[in-house]
Structures are given as structure tokens and as C-alpha cells.
Amino acid sequence: MFAIARRAAQRRLPWAYAAAPSHAAMSRLASTLAVLEQKDGKLVTQSLAAVAAAAQLGGPITAFVAGGGVRSVADTAAKAQGVAKVIYVDNAAYDKVSPI
């Protein structure tokens, strides 16, 4: 009797019986993207506050920086404590864009 009721409930509410998310999926959800600002090829020090706040949340931190000649900025960001990965776009077109 209970087995029949359970199967009927599974057909009506499949999301309630779904498998728990994997550890890899959960760690992706727990990661943080910190968008960093640079000016004249140097990392704006206030951007490191975003990294510090992300570190308090826990999980891996990915830093993003864009602009012309930002390779050295990306290297500096990679040295910040807690940063697991740095994504950078080296294109001068981003120099004209205000981050906020």
C-alpha cells in the first residue's frame, strides 16, 4: 500500500525526489566573482576590499579585470590571498568604460 502511494507521489512531485546536487555543483555555486578595477595599468587598492569580502564568504574566488595592458594587474591580483583564478581581458576598448 505505501509503495504504491510513494510511486504515485514520485510521479506527481519528481523534484521532491531528485538526487542531491554533487559536491562539484555546490562548490561552483559557492564561488565568488570579484570584479577588480584598474587605472593606468595598476590595480586600484580599493578593489582588494572586494577580494577580502569574498574571502569572508568562503569558497574559491575568481578575480576579473579588463582594460589595456592589464597583464601586470592580473599578476598582482593573482597574488592576493584567497584568489584561485584570474580572468583578464587585455583590450584598450575597456579603458573608456567606467566600472560604476
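The values are calculated or read from the model by the stated rules, or taken from the named source; none is laboratory data. None of the values given here were measured: they were computed from a predicted structure. Using ideal geometry, Cβ is built from the backbone for each residue, glycine included, and neighbour counts are taken over all protein chains shown.
What to note about this one:
- Selection count, segment 11-57, where residues are among the small types (G, A, S), more than 30 Å from A93 (Cα to Cα) and either in contact with a strand residue (DSSP E or B) (Cβ under 9 Å, 6 or more places away or on another chain) or at pLDDT below 70 (or both): 9
- Top-ranked residue in segment 57-88 [being more than 16 Å from the chain's Cα centre (by Cα) and not polar (S, T, N, Q); ranked as farthest from K42 (Cα to Cα)]: K79
- Whichever residue in segment 58-100 is of a type in the set (S, T, Y) and modelled with pLDDT under 90 and, among such residues, is surrounded by the fewest Cβ atoms within 10 Å (Cβ to Cβ): S98
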